[in-house]
1. Around I139, with a cut-off of 10 angstrom between Cβ atoms, what is the net charge of the other residues, counting Lys and Arg +1 and Asp and Glu -1?
2. Would you calculate a helix-derived [θ] at 222 nm for the chain, using -39,500 (n - 2.57) for each DSSP H run of n ≥ 4 and dividing by the full residue count, to the nearest 500?
3. With a ≥ b ≥ c the root eigenvalues of the C-alpha gyration tensor of the range 81-280, is it rounded (a/c under 1.5), prolate (a/b larger than b/c) or oblate?
4. So for L146, L156, fewest C-beta neighbours within 10 Å to most, what's the order?
5. Could you list M1, M191, M22, M91 in order of exposure, starting from the residue whose Cβ has the fewest other Cβ atoms within 10 Å?
6. In a GNM of the chain with a 10 Å cut-off on Cα contacts, which of P63, P187, P195 has the highest mean-square fluctuation?
7. Just add up the charged neighbours of V26: K/R +1, D/E -1, any other residue whose Cβ is under 10 Å from the Cβ of V26.
8. Determine the relative contact order of the range 15-68: mean sequence separation of Cα pairs under 8 Å and six or more apart, normalised by residue count, in whole percent.
Amino acid sequence: MEAQGLYFGHGTANGIDEACWMVSHVMALPPDFPDTVFDQPLDETLRAKLDALCLSRIQTRKPLAYLIGQAWFAGLLLEVSDAALVPRSPMAEVILGNALPWFDFHQARRVLDVGTGSGAIALAMAHHWPQVSVDAVDISPEALALAERNINRLGLASRVSLHLSDVYEALSQQRFDVILANPPYVPVPSMENLPEEYRHEPSLGLVAGDSGLDVTIRLVTEASSHLEDGGVLICEVGEAAEAFDEWALARRLEIVWLEFEHGGDGVFLVTKDALLTSLAAPK
C-alpha cells in the first residue's frame, strides 16, 4: 500500500496500522487484538479475502472504512458510507474526558452535536455519559439516515434525537450544556491539493468557503443563544485553526486550544461567558 502511494488519514496514520485494520476485519477481530494473533496462520479463504481487500484499496483509492462499511470511533463500531465523512475526529478524546479541567461532562444533561454525519460523536457522547440526552443535527438527509441506523443498532434511540437542520435553524430556542461540532473546514483552494481518498467523501462535509470558516463562524456567533449558563462550545476546525485564531483575536474572544495524547489538533473550547463578553466588547 505504501509503495502504491496510498494516503492514510481516515482512521489510520500509516500502512502498518491500515494493514492491521484490514487483517482484523477479515478475521472478525477487534482493532486492539492481542499480539498473539500475529502468529496465527490464515487459511486460503481468509488470504483471498485479504488480498482482494488490499487490491481494492489500491485500485479505488477509497478509504478502507468505505470498502468494509464500518469504522471504530471512541470504542464503538459504526456503519459508515459515502453519505458522511469517515469518523476520525480527535473529538473522541474530548468525549472520553480530555475537556477537563475546562468542563466537567458529569455536569452535562443536554448535549448538541452539530454536523453529526454517521452519528459518531453523538453516539459516543451518549454511550460514555449515560446521564446525558443528545440532539444531533445535519443538513444531509442521507447522513441522517445513516446515523439513524447506527443509533438503532447501538440501542440508543431513547437518548439520541436526530434533526434535519442547517446548524441551529431547526432548534428554535433550545439550550444545551455542551455543543460539540465537527463542521466543514477545508478552504476551497485546499480542495485541489487533497489526496484522492478525500474525493470519495461528500464535499458537503469538507468545504467551507475560501477561508474554511463559513460554518464555524455561524456556529460561534449564534452559540450563546443555544447554551445554558456555564455551557461550552467545543469545535474542530482542523487546518483552518490559524484563520480562526486570527478571527477570534480580532473580536477579543477568549478560546482554549485542546491538546491530545493520541494525535490531532485544531479543536477549541469556548465558554458562553466568553462569547457574551466578546459580543458586548466595543468594536
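Every number in this text was worked out from the coordinates using simple rules, so none of it is lab data. Only a predicted model underlies this, so the values are computations on that prediction, with no experimental measurement involved. In this analysis, Cβ positions are derived from the backbone assuming ideal geometry, glycine residues included, and neighbour counts consider all displayed protein chains.
1. -3
2. About -9000 deg cm²/dmol.
3. Judged from the Cα gyration tensor, the range 81-280 comes out rounded (a/c under 1.5).
4. Result, fewest neighbours first: L156, L146.
5. In increasing order of surrounding Cβ atoms, one gets M191, M1, M22, M91.
6. Ranking P63, P187, P195 by mean-square fluctuation puts P195 first.
7. +1
8. 36
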